[in-house]
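Visitor: Got a structure for you, questions after.
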Amino acid sequence: FTMGTSAEPWALDNERPAHRRFVPAFHIDTLPVGNGAYLRFVEDGGYADPRWWRPEGWAQVRRQRLAAPLFWRREGGAWVRRRFGVVEPVPLDEPVLHVSWYEADAYARWAGRRLPTEAEWEKAARHDPVTGASRRYPWGDADPGPEHANLGQRHLRPAPLGAYEEGQSPYGIRQLMGDVWEWTASDFLPYPGFRAFPYREYSEVFFGDSYKVLRGGSFAVDPVACRGTFRNWDLPVRRQIFSGFRTARDAEPA
């Protein structure tokens, strides 16, 4: 499929240029991982079992005594979270929020899956298998509307899992845009033919294996910055950002 863009007027240097990318067959979650699913990982002792963690992630768990996503805590035998200063029961039907890349990766390992690569995520979000074209957004080329995605701080929280039917991709995958930034397995690297613009410090100095790519945008992102090609990146320890994830796995051999 065609990854990236050479024509989008708002595109930043790390989204350019458009190039052909071969992606082996894979499966990807129709929805982001929800709080209810993540809670099963927590209650199965996921934060106490080093089998699921990268060494750097396990060191963070031990050092910071992590036991759940940021802003979660047990209260009276139940799990609650703090959201913009309000304490409320953890909503089991919303995408999990405020998890680091290490937490996302550990959950995926526990579930017998993995995080999708950046190329897999973009193919799932943009590729039209009927025409072969790469769309601007999962739903097509039209700018995002309130029927397509949870963007622009309209609700100050992720939407329930399965929302925004009109925003789904041709593959039937929902909530790829908005709700939560989605961690991918990929390091933040330049595309073939990359050229720094307007200055190399915007993207180029961050390229390498220190930063992981996030895709899709969260409920707090302005729609003008949310595109199928937009690349965000952050350190894998970050938890305070509006980050979640979905999982993937290789397709079975034919």
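The values are calculated or read from the model by the stated rules, or taken from the named source; none is laboratory data. In this text the structure is predicted, and so the values were computed from the model without any measurement. Heads up, the Cβs are rebuilt from the backbone with ideal geometry, glycines too, and the neighbour counts pull from every protein chain shown. When the accessible area is computed, the model is the full protein with side chains, heavy atoms only, and any ligands, DNA or RNA have been set aside. Shrake-Rupley method; radii C 1.70, N 1.55, O 1.52, S 1.80 Å.
Visitor: Looking at 168, 153, can you tell me which residue is modelled with pLDDT under 95 and surrounded by fewer than 22 Cβ atoms within 10 Å (Cβ to Cβ)?
Guide: The conditions single out 153.
Visitor: Would you confirm whether or not the range 92-102 contains a residue that is part of a helix (DSSP H, G or I) and at pLDDT 95 or above?
Guide: Yes, there is a match, as at least one residue in the range 92-102 is part of a helix (DSSP H, G or I) and at pLDDT 95 or above.
Visitor: Out of all the residues in the range 71-86, which are in contact with a strand residue (DSSP E or B) (Cβ under 9 Å, 6 or more places away or on another chain) and part of a loop (DSSP other than H, G, I, E, B)?
Guide: 71, the sole residue that qualifies.
Conditions tested, residue by residue: (1) crowded, with 16+ Cβ neighbours inside 10 Å; (2) within 21 Å of the chain's Cα centre (by Cα); (3) on the phi < 0 side of the Ramachandran plot.
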residue: 34; (1), (2), (3): yes, yes, yes
residue: 38; (1), (2), (3): yes, yes, yes
residue: 42; (1), (2), (3): yes, yes, yes
residue: 50; (1), (2), (3): no, no, yes
residue: 54; (1), (2), (3): no, yes, yes
residue: 60; (1), (2), (3): yes, yes, yes
residue: 74; (1), (2), (3): no, no, yes
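Visitor: Next question, about the same structure. If you check 132, 85, 112, which single one turns out to be surrounded by fewer than 16 Cβ atoms within 10 Å (Cβ to Cβ) and free of Cβ contacts under 8 Å to residues at least 40 places away in the same chain?
Guide: Exactly one of 132, 85, 112 is surrounded by fewer than 16 Cβ atoms within 10 Å (Cβ to Cβ) and free of Cβ contacts under 8 Å to residues at least 40 places away in the same chain, namely 85.
Visitor: What are the residue pairs meeting all of these: first residue in the range 150-166, first residue within 14 Å of residue 95 (Cα to Cα) and part of a loop (DSSP other than H, G, I, E, B), second residue open to solvent by 70 Å² or more (accessible area, probe 1.4 Å) and not polar (S, T, N, Q), Cβ atoms under 6 Å, and 6 or more apart or on different chains?
Guide: Matching pairs, first to second residue: 160/93; 161/93.
Visitor: Among the residues of the range 27-45, what is the count of those that are closer than 20 Å to residue 184 by Cα, not in a loop (DSSP other than H, G, I, E, B) and not polar (S, T, N, Q)?
Guide: Going through the range 27-45 one residue at a time, the tally reaches 6.
Visitor: Still on this model: What single numbered condition from (1) surrounded by 14 or more Cβ atoms within 10 Å (Cβ to Cβ); (2) in a strand (DSSP E or B) fails to hold for residue 17?
Guide: (2)
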